[in-house]
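See structure below.
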Amino acid sequence: MIRSWVLACSLFGSLLAADRQIAVTFDDLPFAQSGKTTCDPEQASKRTIQLMKPFRERKIPVTGFVIANGCSPMSDEKRADILRLWVDAGALLENHTFTHPDFNKTSVADYTAEVERTSAWMKKWLHLSQIHFFRSPYLHVGETQEKKSALESSLKASGLKQGVVTIDNADWLFANVYARFRDRGDEDMANRISTEYVNYLNEVMSFFEKRTPQVVGQDIPHVLLLHANWLNADHIQDVLNMLERRGYKFISLADAMNHPAYQMKDGYVGTNGISWIHRWGLAKGMPIEWEPDVPKWVQEVYKNQ
């Protein structure tokens, strides 16, 4: 009897895991964190095609957040050409400011002007009729309640929703280290970094899967933040495979944010950019329990290169 009960519970747990959903999103388009050739139009185009390949072939929903003046040495035409590769792969493109400013160091007026300028640029160069989401660079949404409220009001007036992130991580740090080794031709270290990266993301997923029901009271569709870079271009299939092994099905950002949990109060005011799981927990009076950090050896390599 006990053995049957354990088996039943195990099967039930597997069924729950199989019902997991996640929206994959990328920041810093057209390209970032990719060493010496980050903004070379030919390399950026090649790597974008590589990054988008599984999304295109498998029709996986994906959202990219555009820095309208990202890779500023590129012309508007070149930047738009690369961004159209995302659109051609089925991606939805959204607003990530014009120059990626830090809201902690920028006035509300200047920041909202960046948002408006980016939407205008995207409509002109990408022929988009409407922009639906905005994501704050660094996930900084206001170091004071006054600035936070002002940004929320401005976005609402512009018809934009903040692109909430529940699964935050430091892929950008791994990407910088990875690109340095690729630039040097040190494939052994690049492979070591990429393996550590996927393992790290797996640990981050495990943490938020456990923490989310504690904060929200139930499992929810998650929103994963990644960045458009060389590391992810080379290893996005490994990341997608890892997510599928954890039982995830891929959905759009809009579908994820339609879940009632995304209406919960953001209880954080401060200078850090943190997951909305932490923000919702703070609104309930729950202390933050932090996700796994980047392995120390990777941090040391990042600092010392």
**Asked** Can you find a residue in the stretch 104-114 that is aliphatic (A, V, I, L, M), touching a helix residue (DSSP H, G or I) at 6+ places or on another chain (Cβ under 6 Å) and in a helix (DSSP H, G or I)?
**Response** yes
**Request:** For residues that are small (Gly, Ala, Ser) and open to solvent by 30 Å² or more (accessible area, probe 1.4 Å), scanning just the stretch 112-128, find the one that is farthest from Ala157 (Cα to Cα).
**Result:** Ala120
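Quick check on this structure: which one of Arg84, Arg135, Arg58 is over 20 Å from Ala23 (Cα atoms) and of a type in the set (D, E, K, R)? Before you say what the answer is, go through the steps one by one.
On the way: Arg135 fails: over 20 Å from Ala23 (Cα atoms); Arg58 fails: over 20 Å from Ala23 (Cα atoms).
Answer to the selection: Arg84.
Evaluate the following for Thr99: is it under 22 Å from Val164 (Cβ atoms) and among the polar types (S, T, N, Q)?
Working: under 22 Å from Val164 (Cβ atoms): no; among the polar types (S, T, N, Q): yes.
No: the conditions fail for Thr99.
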**Asked** Does the stretch 59-87 hold any residues that are in a helix (DSSP H, G or I) and closer than 23 Å to Val165 by Cβ, and which are they?
**Response** Leu83, Trp86, Val87
**Prompt:** Taking Leu92 and the conditions (1) open to solvent by 50 Å² or more (accessible area, probe 1.4 Å); (2) more than 20 Å from the chain's Cα centre (by Cα), which numbered condition does it fall short on, given that it satisfies the others?
**Reply:** (2)
**Request:** Could you tell me whether any residue of the stretch 162-172 is touching a Leu at 6+ places or on another chain (Cβ under 9 Å), of a type in the set (Asp, Glu) and in a helix (DSSP H, G or I)?
**Result:** yes
**Message:** For the stretch 65-80, give me each residue that is buried (at least 24 other Cβ atoms within 10 Å of the Cβ) and either closer than 19 Å to His235 by Cβ or among the charged types (D, E, K, R) (or both).
**Reply:** Arg79
**Request:** Quickly run through the stretch 228-283 and pick out the residues that are in contact with a helix residue (DSSP H, G or I) (Cβ under 6 Å, 6 or more places away or on another chain), open to solvent by less than 40 Å² (accessible area, probe 1.4 Å) and in a loop (DSSP other than H, G, I, E, B).
**Result:** Asn229, Gly247, Asp266, Gly267, Tyr268, Gly273
**Message:** With the requirement that a residue be buried (at least 17 other Cβ atoms within 10 Å of the Cβ) and among the hydrophobic types (A, V, I, L, M, F, W, C), what does the stretch 129-160 give you?
**Reply:** Ile131, Phe133, Phe134, Leu139, Val141, Ala150, Leu151, Leu155, Leu160
**Request:** Could you check how many residues of the stretch 289-301 are assigned to a helix (DSSP H, G or I) and open to solvent by 70 Å² or more (accessible area, probe 1.4 Å)?
**Result:** 2
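Being acidic (Asp, Glu) and farther than 20 Å from Asn169 by Cβ is the filter; apply it to the stretch 179-202 and report the residue that is most open to solvent (accessible area, probe 1.4 Å). Show your work before the answer.
The initial filter retains those residues of the stretch 179-202 that are acidic (Asp, Glu), namely 183, 186-188, 196.
The next check asks that each one be farther than 20 Å from Asn169 by Cβ; those that pass are 183, 186-188.
On the way: Asp183: 55, Asp186: 54, Glu187: 78, Asp188: 126 Å².
Selected residue: Asp188.
The values are calculated or read from the model by the stated rules, or taken from the named source; none is laboratory data. Everything quoted here is computed from the prediction, not taken from an experiment. Backbone-built Cβ (ideal geometry, glycine too); neighbour counts: all protein chains shown. With ligands, DNA and RNA removed, areas are computed over all heavy atoms of the protein, side chains included. Shrake-Rupley method; radii C 1.70, N 1.55, O 1.52, S 1.80 Å.
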